[in-house]
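Novice: One structure is given below, represented as structure tokens, and several questions about it will come after.
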Amino acid sequence: MLYKHNDNYTVESVTSGHPDKVCDQISDAILDAYLALDPKSRVAVETFGGHGKLVIGGEVTSKGKVNYKNIARKVYKEIGYDNELEISAHITTQSPDIAMGVDMGGAGDQGIMYGYATDETPEFLPKGVVLAHKLAKKLEDARKSGEIKWLRPDGKTQVTYANGKLHTVLVSAQHAPNVKIKEVIKKIKEKIIFPFLSPEEKRKVKILINPTGHFVAGGFKADTGLTGRKIMVDTYGGIIPHGGGCFSGKDATKVDRSGAYMARFVAKNLVASGYGKDMLVSVAYAIGMAKPLMIEAINEKGKDLSEIVRKNFDFRPLAIIERLGLRNPIFRQTATYGHFGKQNLPWEKIEKIK
């Protein structure tokens with residue numbers, strides 16, 4: 001299979017105050033709390049919220065005890081919301097049928113995971129993915145710093161590339177009710193979008209800001225959120241395939257998360273070592289089995305690099321956990337603005353390949 005991402009694509013990002021991302025952050029904060037108390041905790045926590053209510057559910061096996069409601073309220077407030085939530089939690093222990101296989105070092109689920117890297121940017125990600133996240137993060141920074149006082153936590157960004165060049169930038173920003181749309185457009189263009197555009201792009205790129213005219217109601221007041229519903233925002237914007245499994249709220253015995261992180265780690269290191277400009281790595285598991293059913297790595301020329309991967313990287317779940325340090329409470333930071341491209345994450349390290 002020949003792989004090279006297309007020069008025509010659209011990708012999006014969302015702010016930390018988007019309802020789905022609120023749920024991701026709560027799920028990962030709970031995971032981190034368990035790992036801080038017991039590094040071998042097995043956690044699969046889902047969060048659903050909307051219209052004044054929040055439900056936390058899932059399976060946890062741990063020596064630690066955490067207060068779900070306190071964690072959820074703390075995260076919610078840190079994001080920037082102050083309205084009250086009615087919170088209920090429904091947590092049980094991991095299924096003994098699943099635990100039996102995981103206890104032997106096997107994968108916590110079946111599935112296919114993908115990892116990707118490109119030399120297009122310093123982040124080893126497509127430039128559109130990087131820009132969409134930067135725009136969304138800038139919305140949050142401008143709100144929290146007070147640079148734009150009428151901004152509120154919810155928001156979305158989107159960028160379109162045509163023939164490899166930036167064509168359209170879309171920003172939807174929640175704002176206070178007393179702000180006029182002209183002011184919103186002016187400030188978002190000047191403070192959020194223009195800092196990331198070249199002089200030529202400022203003249204030529206199509207810019208859309210709050211296309212409906214107003215964005216006052218946001219967060220759980222306007223919509224519902226659910227853990228794992230932004231998997232394309234979390235990964236590569238839909239430019240490459242996705243196995244389907246989400247990341248947030250899952251400890252690293254769940255290969256949905258650890259397998260995807262390892263695939264990214266491998267893809268990035270292959271590109272950094274000169275094996276290709278674009279790299280797609282895929283891996284497949286059977287529940288309860290440690291050895292992957294498939295490992296494939298190809299570059300933009302279609303060259304098969306699977307043997308090099310097998311020689312240098314161990315994809316068994318416990319080996320991934322050990323190599324990347326995935327029993328540490330590091331996961332809440334991944335729940336916003338993508339799981340890849342952040343230098344301080346262990347799967348983003350560059351190592352020499354023999």
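Novice: In a shell of Cβ-Cβ distance under 10 Å around LEU166, excluding LEU166 itself, what net charge do Lys and Arg (+1) and Asp and Glu (-1) give?
Specialist: For residues surrounding LEU166, the net value is +2.
Novice: Here is a further query. Per the helix-only calculation at 222 nm, which mean residue ellipticity applies to the chain, given -39500 (n - 2.57) for every DSSP H run of n ≥ 4 and division by its residues, nearest 500 deg cm²/dmol?
Specialist: Counting only the DSSP helices, I get -9500 deg cm²/dmol.
Novice: How large is the charge dipole for segment 19-98, taken about the Cα centre, if only the Cβ atoms of Lys, Arg (+1) and Asp, Glu (-1) carry charge, to the nearest 20 debye?
Specialist: Roughly 280 debye for segment 19-98.
Novice: Label points 7 Å out from Cα along the Cβ direction at ILE185 and ASP82: separation in nm?
Specialist: 3.1 nm
Novice: If you rank GLU78, GLU300 by fewest surrounding Cβ atoms within 10 Å, what's the result?
Specialist: GLU78, GLU300
Novice: Relative contact order of segment 19-98, please, whole-number percent, based on alpha carbon pairs below 8 angstrom and at least 6 residues apart.
Specialist: 33 percent
Novice: Now a separate question. Mind listing the phi-derived Karplus ³J(HN,Hα) values for segment 187-195, rounded to whole Hz, using 6.51, -1.76 and 1.60 with θ = phi - 60°, and x for any glycine or proline?
Specialist: Result, rounded to whole Hz: 5, 5, 5, 6, 9, 9, 8, 4, x.
Novice: Computed from the mean reciprocal separation of all distinct C-alpha pairs, what Kirkwood hydrodynamic radius does the chain have, in Å?
Specialist: For the chain, inverting the mean 1/r across all distinct Cα pairs yields 21.1 Å.
Novice: Same structure, new question: Could you please rank LEU85, LEU125, placing first whichever residue has the fewest other Cβ atoms within 10 Å of its Cβ?
Specialist: LEU85, LEU125
Novice: Taking each pair of distinct Cα atoms in segment 134-186 once, what is the resulting Kirkwood hydrodynamic radius in Å? Show your work: numbers first, answer last.
Specialist: Values: mean 1/r = 0.0828 Å⁻¹.
Kirkwood radius, segment 134-186: 12.1 Å.
Novice: Moving on to the next point. Could you calculate the FRET efficiency of PHE194 with LYS342 from 1/(1 + (r/R0)^6), where r is the beta carbon distance between them and R0 is 25 Å, rounded to 0.05?
Specialist: It comes out at approximately 0.55.
Novice: With label points built 7 Å along Cα→Cβ from the Cα atoms of ALA217 and GLN333, find their separation and express it in nm.
Specialist: Placing both labels 7 Å along Cα→Cβ, they lie 3.7 nm apart.
Novice: What ranking do ASP82, ASP109, ASP251, ASP141 get, fewest neighbouring Cβ atoms within 10 angstrom at the top?
Specialist: Listing ASP82, ASP109, ASP251, ASP141 from fewest to most nearby Cβ atoms yields ASP82, ASP141, ASP109, ASP251.
Novice: For segment 19-98, would you read off the P(r) tail past 17 Å as a percentage of all alpha carbon pairs?
Specialist: Here the long-distance tail beyond 17 Å is 41 percent of all Cα pairs in segment 19-98.
Novice: Work from the charge dipole of the chain (Cβ charges, +1 for Lys and Arg, -1 for Asp and Glu, about the Cα centre) and give the residue of GLY80, SER27, ILE239 farthest towards its positive end.
Specialist: Ranked along the dipole, the leading option is GLY80.
Novice: Can you classify segment 174-232 as rounded, prolate or oblate using the Cα gyration tensor, where a ≥ b ≥ c are the square roots of its eigenvalues, rounded means a/c under 1.5, and otherwise it's prolate if a/b beats b/c and oblate if not?
Specialist: oblate
Novice: Please report, to one decimal in angstroms, the Kirkwood hydrodynamic radius of segment 109-250 built from all distinct Cα-Cα pairs. Before the final figure, lay out each step's value.
Specialist: Numbers: mean 1/r = 0.0599 Å⁻¹.
Here the Kirkwood hydrodynamic radius works out to 16.7 Å.
Novice: Another question about this same structure. Between LEU305 and residues 5 or more places away or on another chain, which pairs have amide H atoms under 5 Å apart, with H built 1.01 Å from N, and which residues are they?
Specialist: When sequence neighbours closer than 5 places are left aside, the close amide H contacts are ALA297, ILE298, ASN299.
Novice: Based on the alpha carbon coordinates of segment 264-327, what radius of gyration and maximum Cα-Cα distance (Dmax) apply, in Å?
Specialist: Every Cα atom of segment 264-327 included, Rg and Dmax give 12.1, 36 Å.
Novice: Next question. Excluding VAL281 itself, calculate the net charge of residues whose Cβ lies under 10 Å from the Cβ of VAL281, where each Lys or Arg counts +1 and each Asp or Glu counts -1. The partial results should precede the final answer.
Specialist: Working: positive: ARG264, LYS268; negative: GLU296.
After counting each charged neighbour, the total is +1.
Novice: Here is a further query. Order 112-119, 6-13, 30-37 from most to least packed using the mean count of other Cβ atoms within 10 Å.
Specialist: Values: 112-119: 23.4, 6-13: 17.6, 30-37: 21.2.
Ranking the peptides 112-119, 6-13, 30-37 by packing returns 112-119, 30-37, 6-13.
Novice: Given an 8 Å cut-off on Cα distances and at least 6 residues of separation, report the relative contact order of the chain as a percent.
Specialist: That works out to 29 percent.
Rule-based calculations on the coordinates, nothing more; no lab input. Quick caveat, the model's predicted, so the values are computed rather than measured. Here the Cβ is made from the backbone with ideal geometry for all residues, glycine too, and neighbour counts use every protein chain on show.
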